[in-house]
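The structure under discussion appears below in the form of structure tokens.
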């Protein structure tokens, strides 16, 4: 098998069954709203775990919306709202019992949306939320605070309407405070808005992650944090020695000596991304057996 430098799922994901079992055993319950916060250093494998959770929950008929704050380009709140709206519609497209696909709402004017929703016996409040969010995404409305509340409310409303459990996954959640409105960062107000909405969710569970412990503490772990005791925290640790041995056996195309393995464990710190980087370089070497010097050569190549 080849080494990957991007998040992986399925059989490519090694030694995360304990974490997956803990998360999935709760999220798979249709009437549970218990959510999770995942903490761990960068490249430790949080995104791989989240994407595997998404994959497995969808097989159980649960709607999963995954969005990464770090993939919000440009890094504005407007872009994040538009992206979240798109992902929400995509996630529910096969669940919403409309004769007309809900994705086509974006193409309609506000009056047309209201008429359609009225025809479908959707409540006025719910209809107004959808209509306003669509209008905002189209650039026809400008109240960003209202649009933010509406998009997060819309997720649970759709889950209720379709009688489906929904799991909302926000990767690198604390970075939301760095999103901009114009040239100014939005700050912690968006975190508090989501917290308030999450408290009233009926069919939606929230899962978040963060790579920097101090920001995750401010968001979810400290007693003063907005999400304190609202989410179950899991700290994602480095891979243990046995897992690294399995990793090497699965991916490395060469034999590795005991001292070579010890050096690989030490230099990678058990971080999956580091192992992937080193593994790619080790496979390029001409040596048939990887030892300490081989790992040093691989590191030199990476640093050049």
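The values are calculated or read from the model by the stated rules, or taken from the named source; none is laboratory data. Since this is a predicted model, take the numbers as computed values, not measurements. Cβ atoms come from the backbone with ideal geometry, glycine included; neighbour counts cover every protein chain shown.
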For the subset of the range 12-39 comprising residues that are closer than 16 Å to residue 247 by Cα and touching a helix residue (DSSP H, G or I) at 6+ places or on another chain (Cβ under 9 Å), which member is modelled with the lowest pLDDT?
12
Would you check which residues across the range 51-82 are within 18 Å of residue 139 (Cβ to Cβ), out of contact with any helix residue (DSSP H, G or I) (no Cβ under 8 Å at 6 or more places or on another chain) and surrounded by 15 or more Cβ atoms within 10 Å (Cβ to Cβ) and list them?
76, 79
Could you check how many residues of the range 292-304 are part of a loop (DSSP other than H, G, I, E, B) and touching a helix residue (DSSP H, G or I) at 6+ places or on another chain (Cβ under 6 Å)?
0
Note on the range 184-196: residues buried (at least 18 other Cβ atoms within 10 Å of the Cβ), farther than 27 Å from residue 61 by Cα and at pLDDT 90 or above are 190, 191
Can you say whether residue 237 is surrounded by fewer than 16 Cβ atoms within 10 Å (Cβ to Cβ), over 32 Å from the mean Cα position of the chain (by Cα) and at pLDDT 90 or above, as far as the supplied structure shows?
no
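So if I check each of 268, 257, which one is within 31 Å of the chain's Cα centre (by Cα), closer than 24 Å to residue 15 by Cα and at pLDDT 90 or above?
On the way: 257 fails: within 31 Å of the chain's Cα centre (by Cα).
After applying the criteria, what remains is 268.
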Among the residues in the range 194-202, are any in a loop (DSSP other than H, G, I, E, B) and closer than 18 Å to residue 39 by Cβ?
no
What pairs come out if I take residues in the range 6-18 that are under 13 Å from residue 54 (Cβ atoms) and pair them with residues that are at pLDDT below 70 and part of a loop (DSSP other than H, G, I, E, B) whose C-beta lies under 9 Å away, six or more apart or interchain?
none
Out of 147, 243, 205, which single residue is surrounded by 15 or more Cβ atoms within 10 Å (Cβ to Cβ), touching a strand residue (DSSP E or B) at 6+ places or on another chain (Cβ under 6 Å), outside any loop (DSSP other than H, G, I, E, B) and in contact (Cβ under 8 Å) with a residue 24 or more places away in the chain?
205
In the range 270-291, how many residues are in contact with a helix residue (DSSP H, G or I) (Cβ under 9 Å, 6 or more places away or on another chain), crowded, with 17+ Cβ neighbours inside 10 Å and in a helix (DSSP H, G or I)?
10
Looking at the range 158-183 only, could you name the residues that are surrounded by 20 or more Cβ atoms within 10 Å (Cβ to Cβ), out of contact with any strand residue (DSSP E or B) (no Cβ under 6 Å at 6 or more places or on another chain) and under 17 Å from residue 90 (Cα atoms)?
158, 165
Filtered residues of the range 21-38 (kept if farther than 22 Å from residue 221 by Cβ and buried (at least 16 other Cβ atoms within 10 Å of the Cβ))
24, 28
Reported set for the range 209-224 where residues are crowded, with 18+ Cβ neighbours inside 10 Å and either in a loop (DSSP other than H, G, I, E, B) or not assigned by TED's automatic domain parsing to the domain that holds residue 67 (or both) is 211
